[in-house]
Each structure stands twice: as structure tokens, then as C-alpha cells.
């Protein structure tokens, strides 16, 4: 079965197609197996996940679309 988790979003970097989330142990575990991200109803394909000092950087294949309001979470699958 596909489980979904909601993870608080720190920010997005639209130029680099990145979602940045807080670096907590449980988020590192959750994101490490992520294949897809749902953000504002759109699905994104995970290409790369980098854990840096200031957060977890999740690079996606598609261009991140924002409707003006930044949602404060992403859903991972």
C-alpha cells in the first residue's frame, strides 16, 4: 500500500526545482524513500535528495508551480 506523509515545508527554490524541509531525523527517514511529492495538488517526481546543515533539499524533475500562496507542507509518497 502507498502511504503518504505530510512534511512541513521550509521553502521552495523554484529556480532549482527544490523543496526544502526541516532536518529532523523522522523527515530524513521519510524523504529518503520518497518517489513522488504532492504540492498544491500537483505531483512531482523526486530526482535527488540532499541533506545539508540547514535542511533537506529535495530536487524534482518538474518545474515547481506556485499559485501565489506558499503551502506550508508537502505530501510524500
- Note on the structure: Those residues of region 17-41 which are closer than 20 Å to residue 62 by Cβ and either surrounded by fewer than 12 Cβ atoms within 10 Å (Cβ to Cβ) or without any contact (Cβ under 8 Å) to a residue 12 or more places away in the chain (or both) amount to 33, 35, 41
- Hey, residue 51 hits all of (1) in a strand (DSSP E or B); (2) more than 11 Å from the chain's Cα centre (by Cα); (3) modelled with pLDDT of 95 or more but one; which does it fall short on? (3)
- Would you mind stating whether residue 69 is out of contact with any strand residue (DSSP E or B) (no Cβ under 8 Å at 6 or more places or on another chain) and part of a loop (DSSP other than H, G, I, E, B)? yes
- Task: Within region 20-36, identify whether any single residue is outside any loop (DSSP other than H, G, I, E, B), over 19 Å from residue 4 (Cβ atoms), modelled with pLDDT of 90 or more and touching a helix residue (DSSP H, G or I) at 6+ places or on another chain (Cβ under 9 Å), and answer yes or no.
- Result: no
- Residues of region 58-77 being touching a helix residue (DSSP H, G or I) at 6+ places or on another chain (Cβ under 8 Å) and within 14 Å of residue 14 (Cβ to Cβ), which ones? 58, 59, 63, 64, 66
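The values are calculated or read from the model by the stated rules, or taken from the named source; none is laboratory data. All values derive from a computational prediction rather than experimental measurement. Neighbour counts run over all protein chains shown; Cβ positions are idealised from the backbone, glycine included.
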